[in-house]
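Accompanying notes for the structure given below.
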Amino acid sequence: MGGAAALEKLIPVVLAFGAGVFLARRKVVPAEASKAFADYAFLFAVPCYLFGNIYAAHLSALFDWRAIGGYAAAAALAVAAVAAASAAAGLRDPRAVALRVMAGVQVNTAYFAVPVFITFFGTAAPIFPVLLFQVCVLSLVVIAIMELGRTGPGSGGGPARRLGRAVSASLVTPLVLACNAGILLNLLSVHVPEVVLDGAAFVGDSASPVALFALGLHLGGIGLDIRGTTAEELALIGFKCVAFPLLAWAVCGALFGVRGEWLTYLVLIAAMPTPQNLFIFAQRYDVGVNLSAAVVIKSSLVSLLLLPLWLQAVSP
């Protein structure tokens, strides 16, 4: 796909995202409303979209184990690299290291990858296995470290109890429940009434524009301080938007032999920005709050600018 075609594909994404920024800056829509839009997308619209599409999918084609294994290997190398760099920079708090690992390796699936993939490819199906891996493995590790290092209110109980809280917090999110329900009903060949699937599709179709609009509202409300960008922010954003996609390209393509569309999917997924959950975790565990907010917003803008280049570079 050429650069011009890639840019054309991004027009709906920029339109929804830019409308949120513009309306918030003009105070037509209050920036605080971004939370309501984001909650609607995250808690309802995206799960509806995921459930209906996974239920109707051919799971053998959806779960390409070579591709998933390659992405998992690339993510493991990325985790090791960010953790090592954080330790070399003098960070000793495991929670601070885990936060930076999440910033450099986790991707914004619900609010960014899903709408972008729907715009580019007409489906977000390739994201489903990566989403499950991210939530059930990467997020679980991060949450476990955060819970085990937590102090103050709500930190009671031994390590086993804290780990149990981490597992529960990771596995009972609407996204994971929707994916698991779709997979289970698909495997068991359970008949889901058409009216239910039609309702899920109707709601799910709103997920992409609403999620991007919410992200734009949030950015328009808080503003963007480019001059105040720290060296650490630059390093994390550069790793997330450039180094991690290159690593995924090399590991998946050269080591695991992934070719064609799946290689394109995995590199683009890796090129997605840092998830908004980073800021939520930072607030919850009182670690790196300002850093998290800056990386989430700035990586979203950098990713938006680089996506046409990535698409042009890796398209078969």
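If you go through segment 282-297 and keep only what is under 19 Å from Ala110 (Cβ atoms) and surrounded by 17 or more Cβ atoms within 10 Å (Cβ to Cβ), you end up with Ala282, Ser292, Ala293, Val295, Val296, Ile297. Counting only residues that are open to solvent by 50 Å² or more (accessible area, probe 1.4 Å) and part of a helix (DSSP H, G or I), which one in segment 303-316 is farthest from Ala254 (Cα to Cα)? Out of the qualifying residues, it is Leu305. Residues that are touching a Gly at 6+ places or on another chain (Cβ under 9 Å) and modelled with pLDDT of 85 or more were ranked within segment 206-236; the one that is farthest from Thr119 (Cα to Cα) is Ala235. Among all positions in segment 240-252, there is no residue which is under 23 Å from Leu132 (Cα atoms), open to solvent by 40 Å² or more (accessible area, probe 1.4 Å), over 18 Å from the mean Cα position of the chain (by Cα) and modelled with pLDDT under 85. So which of Leu23, Leu7 is modelled with pLDDT of 90 or more, part of a helix (DSSP H, G or I) and under 25 Å from Val302 (Cβ atoms)? None of the other options fit; the residue is Leu23. If the condition is being within 17 Å of Thr229 (Cβ to Cβ), part of a loop (DSSP other than H, G, I, E, B) and polar (S, T, N, Q), then segment 268-297 contributes only Thr274.
Restricting attention to segment 216-242, the residues being part of a helix (DSSP H, G or I), out of contact with any helix residue (DSSP H, G or I) (no Cβ under 7 Å at 6 or more places or on another chain) and either without any contact (Cβ under 8 Å) to a residue 40 or more places away in the chain or of a type in the set (Lys, Arg) (or both) number 3. Scanning segment 23-36 for residues that are under 15 Å from Pro209 (Cα atoms) and open to solvent by 100 Å² or more (accessible area, probe 1.4 Å) yields a total of 1.
The values are calculated or read from the model by the stated rules, or taken from the named source; none is laboratory data. Since the structure is predicted, the reported quantities are computational estimates derived from the model, not experimental observations. All Cβ positions, glycine included, derive from the backbone under ideal geometry; neighbour counts span all protein chains shown. Side chains are part of the model used for accessible areas, which takes the heavy atoms of the whole protein and leaves out ligands, DNA and RNA. Shrake-Rupley method; radii C 1.70, N 1.55, O 1.52, S 1.80 Å.
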